[in-house]
Each structure stands twice: as C-alpha cells, then as structure tokens.
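Derivation of every value follows stated rules applied to the coordinates shown; laboratory data play no part. Quick caveat: nothing in here was measured; it's all calculated off a predicted structure. Reconstructed Cβ throughout: ideal geometry from the backbone, glycine too, with neighbour counts over all protein chains shown.
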2 protein chains.
Amino acid sequence: MVSLKTMPPEYRIRFLPIDRSVPAEAGENLLEIAMKAGVHINASCGGRGVCGKCRVRVSGGTLASSLHPSVGDNEYAAGVRLACASSINGDAEIEVPLESQVDRSVLRRSTVMSDVDAGAIDEALLGEYGREPLVERHDLEVPRPDIQDNVSDAARIARALASRSGCGESVVLPVRVMRGLATRLRDADWNITVNVAMSGQKEITAITGGRPDKAHYAIAVDIGTTTVAAQLLACDGGEGKRIVLASSSDYNRQISFGEDVISRIMYAGKRGGLRKLQEVVVSTVNLLIGELLGEAGVHRADISHVVVAGNTTMMHLFYGMEPKYIMLAPYTPLATAFPPIGCGEVGLETASHTHLFSVPGVSSYVGGDIVSGVALSGMTERDGVSLFMDIGTNGEIVLGNRQWLLCASCSAGPAFEGGGIQFGTRAAPGAIEKVRINPATLEPMILTVGRKKPLGICGSGLIDIVAELLLAGVIDRNGKFSAERKTKRVRDGSNGREYVLCFASETNIERDIVITEIDLDNILRTKAAVYAGCSVLLENGGLAFGDLDMVIIAGGFGHSIDVEKAIVMGLLPELPAERFRFMGNASLGGARISAVSRGFFEKAGRVARSMTNIELSNNAQFMDEFMAAMFLPHTDGRAFPETMKALENR
Amino acid sequence: MVSLKTMPPEYRIRFLPIDRSVPAEAGENLLEIAMKAGVHINASCGGRGVCGKCRVRVSGGTLASSLHPSVGDNEYAAGVRLACASSINGDAEIEVPLESQVDRSVLRRSTVMSDVDAGAIDEALLGEYGREPLVERHDLEVPRPDIQDNVSDAARIARALASRSGCGESVVLPVRVMRGLATRLRDADWNITVNVAMSGQKEITAITGGRPDKAHYAIAVDIGTTTVAAQLLACDGGEGKRIVLASSSDYNRQISFGEDVISRIMYAGKRGGLRKLQEVVVSTVNLLIGELLGEAGVHRADISHVVVAGNTTMMHLFYGMEPKYIMLAPYTPLATAFPPIGCGEVGLETASHTHLFSVPGVSSYVGGDIVSGVALSGMTERDGVSLFMDIGTNGEIVLGNRQWLLCASCSAGPAFEGGGIQFGTRAAPGAIEKVRINPATLEPMILTVGRKKPLGICGSGLIDIVAELLLAGVIDRNGKFSAERKTKRVRDGSNGREYVLCFASETNIERDIVITEIDLDNILRTKAAVYAGCSVLLENGGLAFGDLDMVIIAGGFGHSIDVEKAIVMGLLPELPAERFRFMGNASLGGARISAVSRGFFEKAGRVARSMTNIELSNNAQFMDEFMAAMFLPHTDGRAFPETMKALENR
C-alpha cells in the first residue's frame, strides 16, 4: 500500500504590537517563527525553557504550550505563555509585551556617546600611527607598452605600483583579479585605480578604470554578544578630516538563540545551528552596512575593506567555525586570529573585492574586542600600570604597561546584563538605571532609561540597589536582608526574601518589580568574580590595587555605572576618582583605527601576541580571592577604608 | 500580438567509424556538434573555412553545406563536405575519414620515449635541488591542550608544524581549512596530516586525520597547443625511488577550435569563446588525471598539487584570461606568471585542497614551457654557451649560459606541424616521416608513422623531402623545381609545380600525395625564420654559430628529425653531431621536477626573470637575417661547408 503524504496545513501567526503576520506549520516552535518573522523576543537561555523570559500573550487564536513555573495560574488564564515552550496548532495572534522586546533606540544613544569621546583619541592615534588604511587605493597611469617594452600587463601594473607606493613589486595579483583585466586596462586607456591589501602578504584586491576623484571607504564593526555596532569610515583625507561618516548599531540577531555565549555555543552544536547563527549575525552586519551606505550616500563598490572585532565566540560564529571547545575544559578555541579573506566568503553583502580583516584575540575568553580596546586605550605606551576592564557577560580584564600584559576572563555571569536576575533586563527603555534609597524611610527613588514606566532593572541599577541597600543597612555585608531595618518593602516572596522597588501599579508590566536575596547572591558572585580576577592579575604582577595608575572601563555598561556605588559594593577598587577612565565601545574604536591605520592594526597584533593569558577556572588562587570577595565590599575591609567608614557611620 | 516560440526540431547525427550519435538542432554547425560529441575532426584554421582540412563524407541523411574550392566536383558528388562549412537540416550519418581524425597512439609513444631519457636527468636534478615537493606533507601529533597550555588549535598546529619542518610559524591557515577543524582534530585524537604549500606565502592547504603510512602525489602537466601530456608523480621517496608512476597524453581538445595559437586567440574573442576554450582544455587535463589515477590506483584526495607548464597563450586560456593582446602589436600578454590557487578555481576535478602551480614564462611568445625546458636542460649551470630550440608552430629559441640568457620567438608558422602544407599532417599513423630520394631515378622511398598506408606528410618528412630534393638536384637553392632534372614525378598541378610522393592508389586517402612549390616556399620561410632568430640572438650575444657548445632540441618534433637533413636544408647550423642534444618533452620534464623539488621550481622562476626577450617582429636585423636564410642551405654558403661540398658533388 502506498501511504500518501498530505501537505501540512498552513496557519497564519500575527505578532503585535509590531503587527507582522507570517505563515507557519502545525508543530513549529513559536520562538523560531518569531525569529523568522524578524520579531525579536528576549530569550536569555536560547529557547531552552530555563530563563522564563520569552513571555508572550495569546490574544487570539490557539497555541499549544507546556506549563512553566515562571507563568503563574492567573497569568496562564490571561493568555501568558513562554514562546519557547509553545508550538503552533492553528492561527494565532501573539502580543509581545514590552519586557520581552528588544529595542534599538538605546543602542543608538550609546554609539553617539562613544563617537564624541572617540574624536580626540582618534586624532592622537592617527598622528602616531599614520593614516594608511589596511587597503590602500592608488590611481595609476600605467605606462603603455611598445615593442621595446612589452612586458605583461600584470608586470606593468606591479612596476607602476612600486614606483607610487611602498608595497614593492612582490605584491600578489590574484587570478580572480586578473580575469578580464586586459580589456579593462585598455578600455580605461591605462588609467586605473588599484586597491592593495597591505597586511600580511600584500595583495591587489581590485583594479578598476581610473577614478582619481573618488574617495574610498571602510567599515568597522564590533560584533558583541548582545549588540553589533558599525561605522562607515573615510579612508582618504588629510589632517583633521572627519573619519567617522556614519554610525549604526542593532541587537545581534543571534539574541533569539540565546543571550550569552554559552547558550550560543550550545545552539551551534545543534543540527544546522552553526550555520543559522552565522547567517543571522552576518545578516545583522549586512543590515547595518546597508544603513551606513544609505545614510552617507556611499556606493557599496567604494567600500575597500571591513574590519571586525569581537569576542572569540562571536568571531567563531561570524567566520562559521564550530565554537564547541571554547565552552569545554581546557577551553581551547579553534583560532584566535583569522587571516584576511574576501567579505563574500562569510556572506557579507559587499562588492566582490571588499576585503575582510579581524582584530586578533588571545584566548577563548579574551577576544579581539579586548585586544582592540587595549590597543586603543594607550595603556601599552605608558610606564605606569593600568587595569583595563570590560564588564559584560564575562568580565575581561587586562593588566600591564608598555613592557608586559596579563589578561584573564572572570566568568562573571550575565547579572549586569540582566541574566539570572528575576527582573533583570538590558538597558532598554523602561529599565531602572539609577536607584537611591532614603536611609530614613528606606523608600526608593528610581530613574529609568528613556524615563518610561519601569519594566525591569539593568546593570547600573543593580549596582546602585546593592550599594544603597548596604549603605541604608537594609542588607548586611553578606548580602542578606537584615533583621534590624524594618520596612514594608522587604517581604517574603515566592523566591524568598525580597525588596520591592516598584509596585505593580507603577510598572509597565503589571507585576511588582523586586530584588530578591537570590538576585543579591548572583550580583555578589558577579562582582566577586571580577574583583578576584583583578586581584589574581595584580598578584601575578607583584602589585596591589593601590599601585594602579589608571583603571580603564570599556564597554557600553561602563558608561552608565556610578563609580562611587560600584566601589561601595566592591566591584571596583577604592581608588581616587581621577584614576578611572571610561572608553565606551573601545572594541569598535580599535577596529575603526585599524581600518584607517595599518600601523595601528599591526600594533593590535603585537598586543595580542604579548598578552599572557591567566586561566582562572580551576585556579586555586582565584577561588581564594573569590571567596574573600563574597562580602560587601570585601572580607578585607582595609582595602575599602572610605566605604568601611561610611558603613560604620550608617 | 503575441508571437509564439516553437521548439526547434531535434535531429540525430551519427558519426562513423567511431559510431557515436548525438542530438542536434537545425542550423547547428557540424564541426561544433562533432566537438560536443567528442569526435575530433582536424580543423587547422579553427573552423574559419580556410584550411579545407575538416573533410567528412555524408553517407546518409542530409546536410546543408556551402561549396569550397578544396572539395572537387566529383568529391562533392561522392558526399565529401567540409564540416566547418556544413550545418544541420535533418538527420545525418557522417563518416570522418582517417585524414581528418586525430589519433592518440602516436602521443603515447613519444611520452614513453621521453620518460626513458628523463630518468637520469631527474636523478641528477633532484640530487642537486633536493626532493622537497612544492606541497609538503607532514604527519603531526599535536600536543593536546590542558589548562596550563590552552592556546588555540590553529596555534598548536602551527607550533607543531614549526618544530617538524622549515616552514616556521608564519604559515597561513586559511579560513576554508579552519572550518570543521576542531572536530576533525579531536576525532583524529590530535594525530593529523597537514599539507603545506611551500612556494611564496606558505599556506596550509589541507588538514586531515593522520595517515602516517599514506603516500602523497603530484601531477605534472604540459599544456601544448596540439597535445597535453601529464604524469603522476610520487612526492615521497628516498634516493633512487621511482618518481613517475604513470604517464598519459592526448590531443588538446581545443584543436577543434583552431590548430595554432592565433586561431585559438581569435576564437577566444568570439562570444563565449574564451569560456569554451577554457572548458575544453581543462576537460582534456581532467581526462588525463582520471587515466593516471586509474592506472596507478591512486586516490584523487591524495593528489596534493598540480604543476602546469605551457606557452603563454595556453596558460591564458587555461586560467581563463583573455589572450587577445598576445596577438596584437606590441604583443603584451596579460600575465606571464600566475600565483598559486586551488585547482577548483580553474575547474580541475581534484580534491578541494589540491593546489595549482604554474611555471612562469617570459613574454607573449616565450612561455613557461620554454622556461621549464631551459631550467631542465642544465644550460644555465654551464660556462659554455648553449642554444635551446623548441620548433613547433613557433620556433622558440634561448641562447645563454650560467651568466646570461637571451630568448626570442620566431613566428615560424605551422609548416612543421602540417599547417600551410597541402598534404601536411601531424605525426599521426600514416604520416610520412622519413623520405629518401634515389639520386639516379629520382624515385622516393617513404616510411610512415605506424607503417600505415600514407595519408599525409609530417614535419620530419618535410625536412627529409626538402633536403633530399635539394641533394638530388630536383629543386635548386631557391626551393624551385629545377628544369634540369626531369622525372614524371614532377608535374604541373592545380597549385603550380609539384613532386608526387605517392600516387593515389598507394595512399589511404585516394588522392596523390604531392609536395608543391608553394609548400616548399612555406617550409623555406619556416626554416629561415628559425635560423634568422638564432642568428639575431647570437649577434646580440656577440657570438657566431661556431661558438656554440651545445644545441638543445626540445619538443616532440625534435625526436623524429634527422639532424643531417635539417642541416642540409639550413634549419640547424652545420656543427659536429655530438654538439646536438634531444630533450623530448622538456616542458613536462621541468614541470615534473618542479612538482617534487621546490628548489628547482624557484630556479625556474629565476630563469624566467633573467631571460632578456628580443622581439623579432618589426626587427630590422631579423628581416635581414631572414632574407639571407631564404636560400638552401643559406645565402652564405661558408656557414655550411660540408653541405656546399655535397651540393657541388651532386
């Protein structure tokens, strides 16, 4: 008997408030359909049903969902479901609540902020390293052949190039660039424009008819786990001429497959997962490239190169390399440096000649983003010792000066990006970013990003909360709620003791926003990991925190934190305020300067090679320091004299 | 109104005696259909309707053909047509006569012959330059990572490689080889086999699970205008171990598009022509590769590299480069050297890792085949001056010693390969290759290739004929038939005076085989061009023929010529017999040694760079020498004292 296959029925799923409808088949997972539809739903755990964050509401139609502890009975009755635990069994209308959405507006703000900071640094660095882009462009009049001198077209071009630039006759003219060249050369009457990739083996990437008045451009991209930021850069231009022509950023579309690198690595291990993650991050970059070109009115063909920087996992996924062993002991990446290739080889929508470079990294958890930032920071030109910190999902830290560099990654956990915190969220509109607690009334005062009704707490808010609860005596130095300070805001919740920041009526999510003892413990672990990492690096360098000349805080998160509060809670060392520097997106900055200055790019390579990576996992010294730091501000109060004074005076 | 397109009717064309049928549409050209069907029809002019050689016979069905002077009325009535001037208008059965076919058997013979010669040279060269293949293979046990040493997989491999080979840590590991590497490495338990391309920028071309007992191989290919010859080579192996494991050769399938480089260049200029020519030469090489692998029982994946050598036009077509300007003054090629690429980039059917190298050339008419041969000949290691000659369609000549090299190409014309000669043919079975003429009776004695019934005259036969006719007094020193020596074999034909070598009844083509005064003039021009070229090089070197230490004759043609007769007609200088050396397919030999010895390949590069090309076209000195050589053996009889003595004694 022949069994006839029938086409599965096709349903329509409508997402609100964005109002986008897509077809779907019975049994398809809702989170994956949202992803296909370009509807971003926050799924910290990558759809594993663990984080409980991908909350949606069925406002029409039907959905097959499994129960989950994070969705209460009343909520379930009201149509609340987890997208990752829901599959299609008919047409449906799905509301994506604010708390589950990702929003780009906050990203734009942070990019603009770092631009302002970057201008002066850029000028100084280009003065030092020269404005010689990674891909040079030369307008050449190639001497015409005659019977006395009829060496090949290729040799004539190499000769003309050698007389105009420092790249010598050893430059490679690849077969792909040669094809069609004889006609192109003669059609252009021997006046041509040649692009030459100047890093490593010098190579001609493009030869076109001469366009001596045309500028050429580069694109710098920082591929972060959460966000991708890109800038369009002018390669030509004299002193003082603008480098950054346009900036853009967006959430990394991989977010829908997991919020942190570990979730991504696990997803990449699934069938087709690596390919999918590669596609979506490349599509994110392609979107930004399109925006940059549109904004500046620049032609795609005039982009001579792209420089990317990112953490080691992001680079693996971007280049299509399996990241599995980054996650497994002994944490060996496939590679920390990727040789130049054509952009098309990874799927970037550029001209075929556009060359792709990346800033090299050091280890599985100290990537090219950190190298890029360290090179940009200037710490490797100083005699004094600096500490470079990038506190995101992992806290990456680098210690050193012009002579030596130590680096490490403290698996801090994603607390400061909202992970593992009941009402944690990224710094999106509505996120609580500043908190003050009245020491007398113990009532909070909160500020949110974009001054919207609150929907969660972002990293800087968490730092404020811990410091303020500690200073007000609501919690003790163990991070537990104190029995001494009584207030109606401290109560027993479903996850143990908690402090209510906002009551449901004040919020945008119709639930009380609280901070629990479990949250506090997670934050404590995070800050302890970062501080312990710094301590280990200092001990390895034979130094103490007091010896630090400069503490450089990189990353978007750095911008918004209150240094004073971060010291109180023991995340940052207690040092005079003037020793702290904020660099914003230093990874993008390093990629930017690399693109327009190969001297700087080469320096970044030297920085990567000269960093000594200290592995902190299973490191006994780190465990000791970590335990010592699991106290507010620290077990050793002598390192925080001013904070201790304030605590004694409370 | 909408005009409806109808499908053109499809006809079947059957070729005999090979008995192969193919579909064809009305209006399609018969020569092109034969090509598609893999039926080789001799078409010297590339289907331009000039040479009249692509004779076929319609033995059934119908064909639309235009008239051509080379097909007589009786022949036309008997169904004889020119394939290039015929198009399809119905089903047809086509007989391809012997004279129009190309036959591989003679090629196999010549390849075998040069193998025998090559053994001793190979051993000597490998002793001098070392047996270090262009792509090295290393079996590595990569140290496993642990928490103290967890640098990336890529860095571990580079480190392990540096400790085992001379390639250092600077070797490039391309992104395409990295993909999937982490799993492969661990599946193989860190025992891997790495292929490293050692020329130019060192690059890893493949990493596989370790196979320490497996040998690896290379393929050398000589891409000639007429024939393509290839050998399978063992890369590993100690002293005295066999290098050549299998040899094969075939006619270059481009033959159907024109017999000489000029016809090919013209065809390449047609719409789609370049692509077609590239496809067919690559398919020829692919056929040979398949044969070599089958014969030796070697797996495709174990071929680590391919080295090709060929004239500049052949290299342009093989790499897909427009050859147009090779043909037009001032004869500027697009390139004379092509950087290493993956074989797949030109369409070779090899494993994706197999790397392609080519021996560099000098100019439009002195290509990598000549450089390959000169490097192999040893002339660049000698103090004495040698003259290297490769007489094919063009006579390429190189003069020099360890200190200097001059080269030139004399556009000799294709007479010695059968072109421009009424009954000229390549050295296929049935070609007249040796001729003696009885001085008393003036009757000829002939020998054919394979001792078949004669169907034409090949190059060595033509040399014999001219020398013998001269010595017998049938022709004078101008190459004209003498009125003094009467014989029935000299008569007036449709192309002027002619000498009958075979009457129709003795031949396989049912026509008299003759040599005409026009033929004689063509041969005279050819030999004069070669001799004049040599004279110009010698003058530029301040030398005379008598100063030559060695005359090296390369190419398949060299094997079969009778030096004594070639001296009598003035093609070769009158020097003692022991100064002449025959090298057979020196181009293939140089490619072969390059494949297994990168020291030799680098030497070939130095040879190419050190050759000074003398352009002979529009060269006044050359024209003077050419006119002086348009005499048998030469205007200046003092250069040929022995020949002059023989002529006086006749």
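Name the lysines eligible as straight-distance cross-link partners of residue A:276: C-alpha to C-alpha under 17 Å, and not fewer than 8 places from it in the same chain.
A:36, A:324
Rounded to the nearest 20 Debye, what is the dipole magnitude of chain A about its Cα centre when Lys and Arg each give +1 and Asp and Glu each give -1 at the C-beta? Present the calculation step by step, with values, prior to reporting the outcome.
Numbers: 66 positive and 76 negative charges, 188 e Å.
For chain A, the charge dipole is close to 900 debye.
In nm, give the distance between the simple-model label positions of residue B:144 and residue B:505, each being 7 Å from the Cα along the Cα-to-Cβ direction.
8.9 nm
What does the charge count around residue A:479 come to, taking other residues whose C-beta lies under 14 Å from its C-beta (Lys +1, Arg +1, Asp -1, Glu -1)?
Details: positive: A:477, A:480, A:497, A:525, A:527; negative: A:468, A:476, A:498, A:517, A:519, A:521.
Neighbour charge sum, excluding residue A:479 itself: -1.
Between residue A:540 and the same site in the other copies, what are the distances in nm, shortest first, taking label points 7 Å from Cα along the C-beta direction?
6.5
How big is the antiparallel share of DSSP beta bridges in the stretch A:167-294, given as a percent to the nearest 5? Show your work: numbers first, answer last.
Values: 20 of 21 bridges.
Of the beta bridges lying entirely in the stretch A:167-294, close to 95 percent run antiparallel.
Nearest 5 percent is fine: what portion of the DSSP beta bridges confined to chain B is antiparallel? List each step's numbers first, then the result.
Working: 73 of 104 bridges.
Bridges in chain B that DSSP calls antiparallel: roughly 70 percent.
For labels at residue B:540 and residue B:271 in the simple 7 Å Cα→Cβ model, what's the distance in nm?
Label at residue B:540, label at residue B:271, 4.2 nm between them.
How do A:505-515, B:19-29, A:225-235, A:586-596 rank on mean C-beta neighbours within 10 Å, highest first?
Working: A:505-515: 17.5, B:19-29: 14.0, A:225-235: 24.4, A:586-596: 31.0.
Top to bottom by mean Cβ count within 10 Å: A:586-596, A:225-235, A:505-515, B:19-29.
Restricting the count to DSSP beta bridges whose residues both fall in the protein assembly as shown, what percent are antiparallel, rounded to a multiple of 5? Before the final figure, lay out each step's value.
Numbers: 146 of 208 bridges.
Of those bridges, close to 70 percent are antiparallel.
Using a 7 Å offset from Cα along the direction of the beta-carbon, what are the separations from residue A:628 to the same position in each other copy, nm, ascending?
For residue A:628, the other copies' label points sit at 9.7 nm, shortest first.
Give a residue-ordered list of calculated ³J(HN,Hα) values for the stretch B:195-204 (Karplus: 6.51 cos²θ - 1.76 cosθ + 1.60, θ = phi - 60°; whole Hz; x for Gly, Pro).
These are the phi-based 3J(HN,Hα) values: 9, 10, 6, 9, 9, x, 5, 5, 9, 6 Hz.
Evaluate the distance, in nm, between pseudo-label points positioned 7 Å from the Cα of residue A:482 and of residue A:89 along their respective Cα→Cβ axes.
Between residue A:482 and residue A:89, the label points sit 5.3 nm apart.
Taking amide H positions as placed 1.01 Å from N in the peptide plane, with prolines and chain starts having none, which residues 5 or more places from residue B:475, or on another chain, fall under 5 Å of its amide H?
It is B:470, B:482, by chain and number.
Could you pull the copy-to-copy label distances for residue B:128, with points set 7 Å along Cα to Cβ, in nm to one decimal and sorted shortest first?
Ordered by distance, the counterparts are at 5.4 nm.
Report, in whole Å, the centroid distance computed from the Cα atoms of the stretch A:313-348 and the stretch B:135-185.
Cα centres, the stretch A:313-348 to the stretch B:135-185: 15 Å.
Considering the rotation that carries chain B onto chain A, locate the chain B residue whose Cβ comes closest to its axis and report the distance in whole Å.
B:201, 2
Can you list the HN-Hα couplings for the stretch A:147-159, worked out from phi with the Karplus curve (6.51, -1.76, 1.60; θ = phi - 60°), rounded to whole Hz and with x for Gly and Pro?
With the stated coefficients, the stretch A:147-159 comes to 5, 7, 9, 10, 4, 4, 3, 4, 5, 5, 5, 4, 5 Hz.
If I fit a long axis through the Cα atoms of helix B:598-610 and take the longest principal axis of the Cα atoms of chain B, what angle between them do I get, 0 to 90°, rounded to 10?
Long axis of B:598-610 versus the principal axis of chain B: about 50 degrees.
Would you pull out the residues with amide H under 5 Å of residue A:61's amide H, same chain only if 5 or more places away, H placed 1.01 Å from N?
For residue A:61, whose amide H was placed from the backbone, the distant partners under 5 Å are A:93.
Work out the charge dipole of the stretch A:134-209 with +1 on the Cβ of Lys and Arg and -1 on the Cβ of Asp and Glu about the Cα centre, then indicate which of A:148, A:205, A:192 is farthest towards its positive end.
A:205
In whole Å, how far is the Cα centre of the stretch A:558-579 from that of the stretch A:428-461?
If we compute the Cα centre of each part, the gap is 18 Å.
Given the Cα-Cα distance of residue A:279 and residue A:159 and 0.36 nm per residue of separation, how much length would full extension add, in nm?
Details: separation 120, 0.36 × 120 = 43.20 nm, distance 4.11 nm.
Net length gain for the segment: 39.1 nm.
Give the shape of chain B as rounded, prolate or oblate, defined through the alpha-carbon gyration tensor: a ≥ b ≥ c are the square roots of its eigenvalues, a/c under 1.5 means rounded, and otherwise the shape is prolate if a/b is larger than b/c and oblate if not. Mind dumping the intermediate values first?
Details: a/c = 2.31, a/b = 1.38, b/c = 1.67.
Oblate shape, in that a/c is at least 1.5 and b/c is the bigger or equal ratio.
Averaged over its residues, how many other protein chain Cβ atoms are within 10 Å of peptide A:334-347's Cβ atoms?
Values: counts 11, 11, 5, 4, 5, 8, 3, 3, 1, 0, 0, 3, 1, 0.
The mean count of partner-chain Cβ atoms within 10 Å per residue comes to 4.
Give the cross-link partners of residue B:527 among the lysines, using a straight C-alpha distance below 23 Å as the criterion and excluding same-chain residues fewer than 8 apart.
Candidates past the 8-residue exclusion: B:434, B:480, B:565, B:645.
Only loop residues by DSSP count here, and only those with at most 15 other Cβ atoms within 10 Å; note down the trypsin sites (Lys or Arg not before Pro) in the stretch B:385-473 that meet that.
Within the stretch B:385-473, the qualifying trypsin sites (Lys or Arg not before Pro) (loop, at most 15 other Cβ atoms within 10 Å) are B:402, B:452.
Identify the residues of the stretch B:511-548 with backbone N under 18 Å of a label point that sits 7 angstrom from the Cα of residue B:491 along the Cα-to-Cβ direction, or state none.
Once the point is set 7 Å along Cα→Cβ of residue B:491, B:511-519 turn out to lie under 18 Å by backbone N, inside the stretch B:511-548.
Once R0 is set to 45 Å, what does the formula 1/(1 + (r/R0)^6) return for the Cβ-Cβ distance between residue A:16 and residue A:120, expressed as a FRET efficiency to the nearest 0.05?
Numbers: r = 46 Å, r/R0 = 1.01.
Given R0 = 45 Å and the Cβ-Cβ separation, E is 0.50.
Across the residues of B:150-160, average count of Cβ atoms on other protein chains within 10 Å? Write down the numbers at each step before the final one.
Numbers: counts 10, 7, 13, 7, 8, 5, 1, 1, 1, 0, 0.
So the per-residue partner count for this stretch is 5.
Helix B:368-377 versus the longest principal axis of chain B: what is the Cα-based angle in degrees, 0 to 90, to the nearest 10?
Compared with the principal axis, the helix lies near 80 degrees.
Using a Förster distance of 51 angstrom, determine the FRET efficiency expected from the C-beta separation of residue B:78 and residue B:329, and round it to 0.05. Can you show the working numbers first?
Numbers: r = 45 Å, r/R0 = 0.88.
My answer for the efficiency is 0.70.
Using the Cα gyration tensor of the protein assembly as shown, with a ≥ b ≥ c the square roots of its eigenvalues, what is the shape: rounded (a/c below 1.5), prolate (a/b larger than b/c) or oblate (neither)?
Values: a/c = 3.12, a/b = 2.30, b/c = 1.35.
Judged from the Cα gyration tensor, the protein assembly as shown comes out prolate (a/c at least 1.5, a/b above b/c).
Would you give the gap between the C-alpha center of the stretch A:248-309 and the C-alpha center of the stretch A:209-235, rounded to a whole Å?
Each part's Cα centre sits 15 Å from the other's.
Residue B:180's amide H: which non-local residues (gap 5+, or another chain) put their own amide H closer than 5 Å, with H modeled 1.01 Å from N in plane and none for Pro or chain starts?
Sorted by chain and number, the residues that satisfy this are A:322.
Length gain on complete extension for the stretch residue B:402 to residue B:301, per 0.36 nm per residue less the alpha carbon to alpha carbon distance?
Stretched out fully, the residue B:402 to residue B:301 stretch lengthens by 32.4 nm.
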